[in-house]
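Each remark here refers to the structure printed beneath this line.
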């Protein structure tokens, strides 16, 4: 399902350019962000999440949690033409995040980050008061961790205050713990970290468990429902029960199935709780539950999960139907097999929904792969005769939308009806809740619309109600309140300035919020498509950013930014205005007069990761040089993470690169196997991620497909450090000392140093996988531009002003 911005904004961005000031690191660090936008169920309150400018954070030792420290929440009263609802959520140095709204819309769950402390509160939107609950919720990584039972009762998965916060602590826990341990050792005391495997697995120290808590606002009471670490919860439709997935004992691989980045380190158990009596029970004590599926029947009489027995692999697991009382039973698929797709982290992904009280699951067997509704009378294929099963694009209790390659089908328990809209024209009109589960669960029917071009506008049609909204280029429909005849539009202009507007069905719009107004005078470059053949003859499109002034006879140096696996038929969204990415930012480079090429680099079937990697990049470079004015003789490559790996690997295969910049790059696949990083080593209570880390090598981007002891030569062939003697370009490497394995860059630097090759290694203190601190970001770009100037020459025009605070 495509976001509407990908269609509409691209038209705005390809309009005529207006010459203005160039985009600098100063502009980048001042950027704000627009987050989720939602309307409460009563359609009175509009909640807008924003993020203050990046260089205003109170702390930069929170890793990705910095975004929470910058959070701002605004509420608008739709009954009063969008008047702002003042709330006491503006304490300096505190970040605020909006949680879910209660069923009537009166209460809004809010979260605040004060220093390193994460706390839950509730805002009463009628009175304007906010009550802080002295509870620290678990972060919504896998699914829900807080949900309203009714307007006054909130169920919360909490973290024990004495337990380390693995998400927020990624940037600071090790820095705090290690000096204390070193000081203890200096005093002659015992100081160590212990982890175990096999019979010694339980040597890993465990954090005190969290709790599942129900907060009663009306009675000012809270009740502990269960003890344990909850990663996902879902309240039954009638509010009488809550299902929770709890983390259990540490888990090691039980078969030779290749590990994935999504392999979890602890078993996951299913717990049901009666919210009236407080009774809890495990409906399947021997089940290990797979994440990303926790679905109540629309009637509230059953729950659907995917589970395996403790002794079996996931492929031998199945769907389990859990009654509201008693024990779970494996769902009888009547001769069909469950299909496990792959999530983004390559973990197994079960696909299932409910339709009119019966499970609908993705299965394979006689008749091929298809979505089938499982009833006592049989397994009924939703839409027969499809070449591919398609996907569930929306789900309501009695209606599903099934999107195939050629059409969208409206499906009920009685049958399917083909709609006129092709699947490519579907869009979502509301952001999903946070959590991995909701990235794969279909939205409700009310959150899906069709998009149709009509002249210079786009017509968005609500599938559930049939109402139309006309959008200009650059606009998206962010939310709607049909009972009040109101829509909420977000507009992004060609400079990256965003506005949130309240738009009556009839009448003028009212701007409620403006994001990144400082970019109004900034000149961004529109990328040009470079169409070419790949090394295997396949048609590809890469994207070229050309600086102002580039023309035949005045060709700029070219920087290529690779990331294997990326194939782009449309411009890379993160490089379009406002171009807020802190690393490998094409707009910062092109503003300094360098041409930038972002190539499509598909994974090659039956080829190893390093095999022919330089050739893949260079066919795009040569096509760009043929089609546009760039200088392929002054060529640099800049990659980060897997892109950094690709940059170093490609540099060992060709002498055409004059400069290589690699950030957070893996260089030795054998020594990278199972790396954990400072936090997991210093604070083992956060969990054991060894197998998930190994999964990046086995089934992730490294694509080794097996562990190193089974084919060490394959790991050797794909480790750039072992080909350092072939690198002729000058090399600049960046690494954060809080990242997983600083020895990766150190070993490559040592190999280059041993051969007296030109190389620089910059280690940033306190930084993780991405350099986030404003001072370090500035330093990184200053060094980058100095390096480019020395190796491939200066850029064109204003781009060659020399380094400085605004570089």
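If you go through the range 498-546 and keep only what is free of Cβ contacts under 8 Å to residues at least 60 places away in the same chain and buried (at least 18 other Cβ atoms within 10 Å of the Cβ), you end up with 499, 501, 503, 543, 545.
Every listed requirement among (1) assigned to a loop (DSSP other than H, G, I, E, B); (2) under 30 Å from residue 180 (Cα atoms); (3) in contact (Cβ under 8 Å) with a residue 40 or more places away in the chain is met by residue 674 save one, (3).
Which of the residues belonging to the range 644-659 are under 21 Å from residue 588 (Cα atoms) and either surrounded by fewer than 24 Cβ atoms within 10 Å (Cβ to Cβ) or at pLDDT below 95 (or both)? Explain how you work it out, then say what you get.
As a first pass, look at the range 644-659 and keep what is under 21 Å from residue 588 (Cα atoms): 644, 647, 657-659.
Of everything in the range 644-659, just one residue is under 21 Å from residue 588 (Cα atoms) and either surrounded by fewer than 24 Cβ atoms within 10 Å (Cβ to Cβ) or at pLDDT below 95 (or both), namely 658.
Considered as a group, the residues in the range 392-407 that are assigned to a strand (DSSP E or B) and touching a helix residue (DSSP H, G or I) at 6+ places or on another chain (Cβ under 8 Å) include one that is farthest from residue 442 (Cα to Cα), and that residue is 403.
Evaluate the range 751-764: report whether one residue or more is in a helix (DSSP H, G or I), at pLDDT 95 or above and touching a strand residue (DSSP E or B) at 6+ places or on another chain (Cβ under 7 Å).
Quick first cut of the range 751-764, residues in a helix (DSSP H, G or I) only: 751-754.
Filter once more, so that each one left must be at pLDDT 95 or above: 751-754.
Narrowing further to those that are touching a strand residue (DSSP E or B) at 6+ places or on another chain (Cβ under 7 Å): 752-753.
Within the range 751-764 (the criterion being in a helix (DSSP H, G or I), at pLDDT 95 or above and touching a strand residue (DSSP E or B) at 6+ places or on another chain (Cβ under 7 Å)), the answer is yes, since at least one residue qualifies.
Taking the criterion of being touching a residue at least 40 places away in the same chain (Cβ under 8 Å) and over 17 Å from the mean Cα position of the chain (by Cα), the residues of the range 561-577 that qualify are 561, 562, 564, 570, 571, 576, 577. Residue check: is residue 301 more than 26 Å from the chain's Cα centre (by Cα), farther than 18 Å from residue 436 by Cβ, modelled with pLDDT under 90 and surrounded by fewer than 18 Cβ atoms within 10 Å (Cβ to Cβ)? The answer is no for residue 301.
Those residues that are in a helix (DSSP H, G or I) and touching a residue at least 12 places away in the same chain (Cβ under 8 Å), I need them from the range 63-90; list them, please. Residues satisfying the conditions are 63, 64, 65, 66, 67, 68, 69, 78, 79. Among the conditions (1) touching a helix residue (DSSP H, G or I) at 6+ places or on another chain (Cβ under 8 Å); (2) modelled with pLDDT of 90 or more; (3) part of a strand (DSSP E or B), the only one that residue 501 does not satisfy is (1).
Here residue 446 meets each of (1) surrounded by fewer than 18 Cβ atoms within 10 Å (Cβ to Cβ); (2) closer than 30 Å to residue 293 by Cα; (3) touching a strand residue (DSSP E or B) at 6+ places or on another chain (Cβ under 6 Å) with one exception, condition (3).
The values are calculated or read from the model by the stated rules, or taken from the named source; none is laboratory data. All values reported here derive from a predicted model rather than from experimental measurement. Cβ atoms come from the backbone with ideal geometry, glycine included; neighbour counts cover every protein chain shown.
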